[in-house]
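Notes for the one structure printed next.
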Amino acid sequence: MNKKILSVVNEAQESRRFSGTTLIKQAGKAPVISSRGYANRAEQLPNKPGTRYGIASGCKLFTAIAICQLVEEGKIAFDTKLSECIEYELPNFSENITIHHLLTHTSGVPDYFDEEVMDDFEDLWRNTPMYTIRHVKDFLPFFENDQMKFTPGKQFHYNNTGYILLGLIVEKVSGLQFIDYIEENIFKKANMVNSGYFAFDSLPPKTAQGYIDFVDGTWKTNIYSLPVRGGSDGGAYITVEDMVLLWEALLKHKLLSEPYTKKLLTPHVNHKDKKFYGYGVWINQTEGTISKYHIMGYDPGVSFHSAYYPSSQTILVVCSNASKGAFNIMEEVEKYLNGRS
């Protein structure tokens, strides 16, 4: 069985010239792991199982877990108003925005990178150099004086600003810098010893560079395309094995008690069709049965998908240090798991 699924992964990676690492862990079976491409193309250093990859918005789940931990401790509540737990002036924001709204992308706050009006992430750095963005509060100038998009709770609109605000709430309520809180209360508890919010200008060993490919076959790294250090809306680095540890710690209630884990994994908002959103996690559900919990992330030079399939107790992690590719590998693995390949 493991040889067959490894063959499926290898063929998918080879046919799509994938760059990254894929891991599948099925209940009661040894993990299947496969890597392809280069972590450093110039030096031709290969991607390996222990390579650290950026996961972009995939780590919104970390932020959601942090907020749920603080709610469980009684320091805030899901219906706490944003204005009650943040120390920054946001003059045009509604007074009715709650933490629940922010967690579920239903707050209506202006998105600092709104894909409806922007298509190039690098445009953000034309007036504000990316190397100045090292803390969550550094994102404030991008949205603090903007107008609301809609009344809180009226609709779903995927929103990075909402998760920046959640990071600021974590800092205000816990008294810690956001990345320090995640390190102490999530990474350490899950034994994710190879993960972190690393800065571009001080990356640790075994970290993949992100690559942006062009149609003429040339490429560049993403070092000038993203904030120098990630924040509460994205930008952490993980290994595929650490991501498995995160899922296992969450599902075994090492990060949150069972009631709060259930709250995080509840389909709170219907996005479209059979796709829902919980707190920091996408959920596929049909007629009340959940088939998949999943997270994803895309940035220039980054593509990432990871999922937990409850019926088979399978965990899938696909990390790529290119702008696309992770979804295709996930799609092929799911075909195999569903008996369609």
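The values are calculated or read from the model by the stated rules, or taken from the named source; none is laboratory data. On a predicted model such as this, the values are computed, not experimentally measured, just so you know. So basically every Cβ, Gly included, is an ideal-geometry build from the backbone, and we count neighbours across all protein chains shown.
Annotations
- Residue in the stretch 214-227 that is in a helix (DSSP H, G or I), surrounded by fewer than 22 Cβ atoms within 10 Å (Cβ to Cβ), of a type outside the set (Lys, Arg) and in contact (Cβ under 8 Å) with a residue 24 or more places away in the chain present: no
- Out of Ile97, Ile133, one residue alone is buried (at least 18 other Cβ atoms within 10 Å of the Cβ), at pLDDT below 95 and in contact with a Pro (Cβ under 7 Å, 6 or more places away or on another chain). It is Ile133.
- Enumeration of residues in the stretch 228-260 that are in contact (Cβ under 8 Å) with a residue 12 or more places away in the chain, surrounded by fewer than 24 Cβ atoms within 10 Å (Cβ to Cβ) and over 18 Å from Ala190 (Cβ atoms): Val228, Arg229
- Among residues that are without any contact (Cβ under 8 Å) to a residue 60 or more places away in the chain, buried (at least 20 other Cβ atoms within 10 Å of the Cβ) and either out of contact with any helix residue (DSSP H, G or I) (no Cβ under 6 Å at 6 or more places or on another chain) or not acidic (Asp, Glu) (or both), Leu265 is included.
Per-residue answers, yes or no, for (1) assigned to a helix (DSSP H, G or I); (2) in contact with a Lys or Arg (Cβ under 6 Å, 6 or more places away or on another chain); (3) at pLDDT below 95; (4) farther than 20 Å from Ala236 by Cβ:
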residue: Leu246; (1), (2), (3), (4): yes, no, no, no
residue: Ala249; (1), (2), (3), (4): yes, no, no, no
residue: His253; (1), (2), (3), (4): no, no, no, yes
residue: Pro259; (1), (2), (3), (4): yes, no, no, yes
residue: Lys262; (1), (2), (3), (4): yes, no, no, yes
residue: Thr266; (1), (2), (3), (4): no, no, no, yes
residue: Asn270; (1), (2), (3), (4): no, no, yes, yes
residue: Phe276; (1), (2), (3), (4): no, no, no, yes
residue: Ile283; (1), (2), (3), (4): no, no, no, yes
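- Highlighted here are the strands (runs of 3 or more DSSP E) found entirely within the stretch 288-341 that include at least 2 residues which are in contact (Cβ under 8 Å) with a residue 24 or more places away in the chain, within 18 Å of Val32 (Cβ to Cβ) and in contact with a strand residue (DSSP E or B) (Cβ under 8 Å, 6 or more places away or on another chain): 302-309, 314-320.
- Count of the stretch 72-92 residues, restricted to those that are at pLDDT 95 or above and either among the aromatic types (Phe, Trp, Tyr) or farther than 25 Å from Asn145 by Cβ (or both), is 8.
- Test: residue in the stretch 43-54 that is touching a His at 6+ places or on another chain (Cβ under 9 Å) and either within 23 Å of Glu14 (Cβ to Cβ) or not basic (Lys, Arg) (or both): no
- Across the stretch 1-57, the qualifying residues are those that are in a helix (DSSP H, G or I) and within 30 Å of Pro227 (Cα to Cα), and the one among them that is nearest to the chain's Cα centre (by Cα) is Ser57.
- Taking the stretch 154-211 as the range and being surrounded by fewer than 16 Cβ atoms within 10 Å (Cβ to Cβ), polar (S, T, N, Q) and not in a loop (DSSP other than H, G, I, E, B) as the test, only Ser202 passes.
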